[in-house]
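Just below is one structure, and these are the notes that go with it.
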Amino acid sequence: MFAGSESGGAARRPPPASLGKVRIAVMKDREGSAPKGGTAEAARAACAPEEAPGGRLVEMRGIRKSFPGVQASDGVDLRLDRGEVLALLGENGAGKSTLMNILVGLYRADSGEILVRGERASIGSPRDASALGIGMVHQNFMLVDTMTVAENVVLGIRDLPFVPDMAAAKREILRLSECYNLKVDPDAYIWQLSVGEQQRVEILKLLYRKAEILVLDEPTAVLTPAESEELNAVVKRMKGEGKAAVFITHKMEEVMSFSDRVMVLRKGKVVAEKATSDTDPKDLARLMVGREILFRVEKGPFKPGAKVLELRGVSAIDERGLPALRGLDLEVRSGEILGIAGVAGNGQRELAEVVTGLRPVTAGSISINCVDTTGKSPLEIIKSGVAHIPQDRNQVGAVGDMSVASNLAMKGYRARPLSAGAILLPGKVRELAKRLIELFKIATPSPETRIKFLSGGNIQKAILAREIGACSSLLVAVYPSRGLDIGATESVRKELVAERDRGLAVLLVSEDIEELISVADTVAVLFEGRVMGLFPAAEADPEKIGALMAGMSERGEESTP
Ligand SMILES: Nc1ncnc2c1ncn2[C@@H]1O[C@H](COP(=O)(O)OP(=O)(O)OP(=O)(O)O)[C@@H](O)[C@H]1O
Ligand SMILES: [Mg+2]
């Protein structure tokens, strides 16, 4: 979709100009003298890339930061030069987000210093960082749902006149979205946008503020492969303009294709620094985890049992009232992992929600263990042994202000052994929490720590542990390895297979074709709310799945929904 922006940009690049000139040009533009009219054409005309001078942009020296019970940064040195992308790697909880939160002024380091463009900088707030041209797209987006794209982009700019000139702001947004091929409607409300579109807004926000130093914290964890490619093109263009980025990811292929240099953190310390061209995914995995990682899951033979989940002619609508599922027929047996492949937004979320009772169906029926559950409440469905690892883990998966232990007990608290009658047994809750923390290697100072203080990946491990632990019949897992480091991803995949071997039925939604082929027994491809193909995973090949995901039928024709 965004292909070509890089080469097109390079061809039009002007001779280097000073940063001052660029600023003046843009200020004029904000005053409305250029581009005129706000049309896409005018925006394109004002789209010449900025200059690309070399030099050191950021240097962090001896950064230390501790939280109760954790040394999150333990004397870290980091440098970032113009025109380069540094991949910051490490296991969940290694201290990546903490280090970057210090750079953007959200946290104060206990000691150490930061130099920006060669000068010592005191970064006490995100505003200070923004004034220095540093901006961050956070692991959890920070947009206001009920406001428009344009309003979100201008939100929080200090030197804004009392009433912001929204017409000028929209023109500038339009210009930037043309330049960087970040298509988004300035008047759309955030809640109307897909995750990928929301991320475009986050990036536009930084570009609007003239950020030169971009921190992208797991930006692709929630993106489709195509959107990740778009982002790669945007980052390459920024590099060409002399900007620089720190890119945090757990996906090794992206490290190889996005970055120039890698830095690996372990327990708050730098354990390796290399040129990307001098390393490979296996080497990086070893550096991060300290052991060999198998990229494939060992799996015994497929022995399906009785039918657990059955969907017949199921249809449902999405938030906007548009059809999301169109007459779906599917079944999952005991001892079977049914993998759902598809580009995000083709009905996967709605499928998981209708099965778990979170979304009503508009037609068709669902049964679990031969009992009709159509229209039943989520609680009734949980009671029939269904567990759900949801897509929006931050919103519905965990309660931030509650302890890790309470979050882990949330599913089982109504029954023995966690409670007797109406009385909750704290000792048992603690016991369960300790067992799950150990089993799933959740990095937390203690079971009493409020869960919001854990790293993103560790919160996710806690939700997984709770759901897998509470499941007795059907496990609905939506992108279960998103945001997990490679060691944890390996454990989760093994765990899914172990549950299947225990006789559970597993509905696994994933965008990772390799994951589906190696973990699932059967693969169904969803496209626009329909099943485009259904076959044994052993017969699946990535190209076939990819074509079906793009809406090509098995006979090679394009689908007409
Ligand atoms: N505000 C906070 N209060 C207490 N502890 C914190 C806070 N922020 C981070 N930590 C702790 O610091 C450590 C490093 O966390 P950080 O979020 O930097 O990890 P990360 O490398 O980004 O991991 P992930 O890949 O899971 O996102 C963790 O042990 C985490 O629990
Ligand atoms: Mg993080």
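The values are calculated or read from the model by the stated rules, or taken from the named source; none is laboratory data. Given the structure is predicted, the values throughout are model-derived calculations rather than measurements. Methodologically, a virtual Cβ is constructed for each residue, glycine included, from the backbone with ideal geometry; neighbour enumeration extends over all protein chains shown.
When only residues in segment 226-283 that are of a type in the set (K, R) and farther than 30 Å from S111 by Cβ count, which is nearest to ligand 1 (Cβ to nearest atom)?
To start, the set of residues in segment 226-283 that are of a type in the set (K, R) comprises 236-237, 239, 243, 251, 261, 266-267, 269, 274, 282.
Now restrict to residues that are farther than 30 Å from S111 by Cβ: 236-237, 239, 251, 282.
On the way: K236: 24, R237: 26, K239: 23, K251: 12, K282: 20 Å.
The selected residue is K251.
Just the residues that are within 22 Å of S455 (Cα to Cα) and assigned to a loop (DSSP other than H, G, I, E, B), please, taken from segment 267-292.
If the condition is that a residue be within 22 Å of S455 (Cα to Cα) and assigned to a loop (DSSP other than H, G, I, E, B), then K267, G268, G290, R291 are the ones that fit.
If the condition is being more than 16 Å from ligand 2 (Cβ to nearest atom) and in a strand (DSSP E or B), then segment 215-244 contributes only A244.
Residues satisfying the criterion are absent from segment 469-490 (criterion: within 16 Å of ligand 1 (Cβ to nearest atom), without any contact (Cβ under 8 Å) to a residue 60 or more places away in the chain and assigned to a helix (DSSP H, G or I)).
Within the set S315, S377, the sole residue that is among the hydroxyl-bearing types (S, T, Y) and either under 23 Å from the mean Cα position of the chain (by Cα) or crowded, with 16+ Cβ neighbours inside 10 Å (or both) turns out to be S315.
Every condition in (1) within 14 Å of V270 (Cβ to Cβ); (2) crowded, with 21+ Cβ neighbours inside 10 Å; (3) away from ligand 2 (no atom under 16 Å from the Cβ) holds for V58 except the one numbered (1). Counting residues in segment 97-108 that are surrounded by fewer than 24 Cβ atoms within 10 Å (Cβ to Cβ) and away from ligand 2 (no atom under 14 Å from the Cβ) gives one or more.
Taken over segment 183-196, the residue count meeting the criterion of being in a helix (DSSP H, G or I) and surrounded by fewer than 18 Cβ atoms within 10 Å (Cβ to Cβ) is 3. At least 1 residues being touching a residue at least 60 places away in the same chain (Cβ under 8 Å), within 30 Å of V264 (Cα to Cα) and within 16 Å of ligand 1 (Cβ to nearest atom) is the threshold, and among the strands (runs of 3 or more DSSP E) wholly inside segment 84-182 those reaching it are 85-90, 134-137.
Of the strands (runs of 3 or more DSSP E) lying entirely inside segment 498-545, the ones with 1 or more residues being farther than 22 Å from V314 by Cβ are found at 530-536. Evaluating I213 against the criteria (1) closer than 20 Å to L484 by Cβ; (2) modelled with pLDDT of 90 or more leaves one unmet condition, (1).
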